[in-house]
Every structure is written in C-alpha cells, then in structure tokens.
Amino acid sequence: MESTQDMISSSLQNINLTKQEQQTKIWDDFSTVYDQQVTRMATQPFITLCSQTDTFQCKRILEVACGGGYHSLIVAKTMLQKGGVLVSCDFSSKMMKLTKQKYDDLNWSSGYTDVIGNRYDITTEALLPLGEHSFDLEEEIKKHNQNESDRFVFGCQANNESLPFKDDTFDCYLANLSLMLVDNYKNQLSEAFRVCKKGARLAFTVWGSQNNSNNFGILNMLIEKFKIGPDEKPAKTYYHICQNKDTVRQEMIDMGFSNIKMWFQPMNFPFKNFEEYWATVFTQPPAQVAMAKLDDEGRKQIKLEAEELYNKLLGEGVIDPNCFEVMIIVAEKR
Ligand SMILES: C[S@@+](CC[C@H](N)C(=O)[O-])C[C@H]1O[C@@H](n2cnc3c(N)ncnc32)[C@H](O)[C@@H]1O
C-alpha cells in the first residue's frame, strides 16, 4: 500500500495541470456571480464545520477554497482569537481579488479591520510554484504582527491539491464545498493531513444525495429533456464523494485520519421565489455551458419549464422542498 508520505511526495505527478488550468478559468469566470448569488446558500454548512472544528478556539486556521471571502470575514470578525491567524485561500485569483476587496472595504470588514491589533495581508498571487511546500507561515506572521496578541488574516492563491504551506502548520482545516469539485480528491485529503498539526480537527462539506437535492434535480431533468448535456457523460459527478463514502472513509483511515464522522444534513432553504432560484442555480457553470447550446427561444422555453418544476417541487404549497442536501465529513489528525 502507498504510504501517506509517498502520496504526498508524488502529489504533483498526480495533478493534471491542464485540467487545473481549465477549472481555474471556469471559477475565475464564475467568481462574481458565485459571490453575489450563491455563497449565501453555503453559510449554514460552513458554520457546522466551524462548530465541529472548534474554530473559535484555534490559533492557526486554514480555510481552503474560500470563494469570495464572505466566510473568511465571518471567522475573522466572530471567531478569531487574540494571537490567532486565519489563512484563507482559493485557486481562483479572481476569488482572492473579491476576498481582498472585502477586507479593503470597511463596509464589509468593519468589526475586524478597524480593531487595533487586527491585521491582514491578502495577495491574489500564488506563494510558490505548484508542488512546493516550503512556505513558513510563522515567518510571515513575524513580518506583520507587532504583539503576540495581534490577530492576522492572510490570503493567497493556492490549490487544495498541492498547498504551499509547510507540514504541521495548522490546528484547524475548513473546506466548505470543494472536495467534490477537485480533480483528485485524494490529493486534497492528503494535503489537508500534511499541513495540519497533530491534534488538529478537519472538516469538509460535499454535495449530499441527489434525491434530496431538488435544486439541482430540476436543472438535471431539464438538461436531459432539452438534450443539452455534455456529449460524453462525465466519469464522475459532484455526488461522487457521498456515493462512495465508505471507500473515502477507508482511504482517510489509510492516510492516518482518526475519528472520522460522515453524515448528511439538509441545507437551509434559501429561495423566496422562482426568480431567486433561477438566478442562483441556472447561473452556475454546468448550467451556463448547457444553456449556451440553446437559442433565445430555447432559453425562454427552458425557463418556463424550470418555473413549472420549481412551483411543483419547491414553490408555494410545498411543505418540505427537499432543496439541497450536503454531506459533512469531520476527522482528526492524532
Ligand atoms: C462551491 S465554491 C465554495 C466557496 C466557499 N467555500 C463557500 O462556501 O462559499 C467552490 C470554490 O472552490 C474553489 N476551488 C475549486 N477547485 C479548487 C482547487 N483545486 N483548489 C482550490 N480551490 C478550488 C473555487 O474557485 C470556488 O471558490
């Protein structure tokens, strides 16, 4: 069996650089819409991750795939202890730009950036070439903090599958809605294990059961009906982690994780009407790619049919909309 160390040292060989570039571009292009329409849906499971990892008691927190920084600010303002450091990173430099803009804008960041002793430094660039893991966070903190009690938020562009940080850097690892997206989730898991200290708690959210996610169910039904899906069915969907949870659990045990828990939970129902649903779900990259295959008339028709399905499955009169389910994974590095 391949040891964790072997997996880690060979992690760059496992990375498909072309796919990474394509994926980064998709998320760069989607960043503004994601930030404006979708991220608010993701806050509830993010809070579950924070409570499971005792984020508010941790000194070195890593939030990967941080999106536009909305949750970073929640942690910075409400959970970060004196002397604590939060690192928020994402492989999309556009997402990191949105994160930086929020910290730079007092309307967003007041409550953190205007408190004496609170500092931040966010770059939209990568710290090291992909595959290098020598970035010393403690050295970086020394450059910014003047007192031991200063708080520090650091942001950078980084890929979950190959993080720039040195081994044993963090005591808390948060990954909200990213493990199911990455090209090779085993790289993300082994990197998470590597950068965490002994005693750290780690938490991930992935998409839950397809049957309990009518929000994407409607989209998928219509993509099938209008025959606008990809020519070749993808080898895996975003449900692949939850569909193979026992395998993933065993792989995590083999990597060295302990006390692994996995459970499904419904997300809060975020839509108050069809227009909100449409603007959130039908603006996401797979939907956009599919809809680009339709002409104006086709787009009008698909929207009408989406509204009918919304009314039937999620709309007024439906008591339990079964809108979106996630699977939570929590674990420890002992
Ligand atoms: C569904 S969004 C979640 C964002 C944020 N965590 C939230 O809860 O709103 C997925 C994020 O993962 C990022 N992402 C996808 N693959 C990644 C990878 N391999 N490394 C780092 N970030 C990645 C995307 O750029 C995007 O910001």
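The values are calculated or read from the model by the stated rules, or taken from the named source; none is laboratory data. Just so you know, these numbers come straight off a predicted model, no measurement behind them. Here the Cβ positions follow ideal geometry from the backbone for every residue, glycine too, while neighbour counts run over all protein chains shown.
Structure above, values below:
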| item | result |
| --- | --- |
| Filter result for residue 51 (surrounded by fewer than 21 Cβ atoms within 10 Å (Cβ to Cβ), more than 16 Å from the chain's Cα centre (by Cα), within 16 Å of the ligand (Cβ to nearest atom) and modelled with pLDDT of 95 or more) | yes |
| Whichever residue in segment 177-192 is polar (S, T, N, Q) and near the ligand (Cβ under 10 Å from one of its atoms) and, among such residues, is surrounded by the fewest Cβ atoms within 10 Å (Cβ to Cβ) | 184 |
| Residues satisfying the stated conditions in segment 272-296, i.e. outside any helix (DSSP H, G or I), more than 25 Å from the chain's Cα centre (by Cα) and closer than 21 Å to residue 317 by Cα | 273 |
| Some residue of segment 77-84 being within 10 Å of the ligand (Cβ to nearest atom) and not β-branched (Val, Ile, Thr) | no |
| Hey, residue 175 in contact with a Pro (Cβ under 6 Å, 6 or more places away or on another chain) and not polar (S, T, N, Q) or not | no |
| Unique match (being free of Cβ contacts under 8 Å to residues at least 24 places away in the same chain and either more than 18 Å from the chain's Cα centre (by Cα) or within 12 Å of the ligand (Cβ to nearest atom) (or both)) among 59, 25 | 25 |
| Filter result for residue 320 (surrounded by fewer than 16 Cβ atoms within 10 Å (Cβ to Cβ), acidic (Asp, Glu) and within 30 Å of residue 54 (Cβ to Cβ)) | no |
